[in-house]
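All remarks here apply to the structure that follows.
Every number here is computed from the coordinates shown, using simple stated rules; none is lab data. Source: prediction; values computed, not measured. Virtual Cβ from ideal backbone geometry, glycine too; neighbours counted across all protein chains shown.
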């Protein structure tokens, strides 16, 4: 959660914290190792041929807006949408904005005929 979003979303923040803390520490460690060891497919982003929306919160400290801009620029024809004031938990922090962004993107690709990858 972005710092400014923590107070208005305190129930979500508390629920998220409970879920994270209820996990087995070994499982969290294994997940972290898996993420650290995963193969880097960044060089293949240019091969993507389907409509792609890159959605990021402007306050995301984990997957930063700068990183997502780089990804969007590497995916041909992709669309980047930045959600102001949101952190890494963008759908929980700004659900109305995320829903609107997704609806707009789906409408655009439907109207353009790109929904099938054409």
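FRET efficiency for the residue 96 to residue 27 pair, using the beta carbon distance and R₀ = 35 Å, is estimated at 0.60. Rounded to the nearest 10 degrees, what's the angle between the helix 95-112 long axis and the longest principal axis of the chain, both from Cα atoms, 0 to 90? Computed tilt is about 20 degrees. Relative to the dominant Cα principal axis of the chain, helix 65-74 is inclined by about 30°. Between the C-alpha center of region 58-75 and that of region 19-39 there is a gap of 23 Å. Shape analysis of region 3-116 places it in the oblate category; the axes a ≥ b ≥ c from the Cα gyration tensor give an a/c of at least 1.5, with a/b not above b/c. Relative to the current alpha-carbon distance between residue 19 and residue 35, full extension at 0.36 nm per residue lengthens the span by 3.8 nm. Fewest neighbouring Cβ atoms within 10 Å first, the residues 62, 71, 28, 83 line up as 62, 28, 71, 83. Computed from Cα atoms, the angle from the helix 25-37 axis to the main principal axis of the chain rounds to 30 degrees. Helix-only mean residue ellipticity at 222 nm, the chain, DSSP H runs n ≥ 4 weighted -39,500 (n - 2.57), per residue, nearest 500. What is it? It lands at -15500 deg cm²/dmol. Extension gain for the segment residue 47 to residue 104, taken as residue separation times 0.36 nm less the Cα-Cα distance, is 18.1 nm to one decimal.
GNM on the chain, C-alpha springs below 10 Å: top fluctuator among 31, 96, 74? Highest fluctuation of the listed residues: 31.
Label separation (residue 114 vs residue 67): 2.4 nm, computed from points 7 Å beyond Cα along the C-beta direction.
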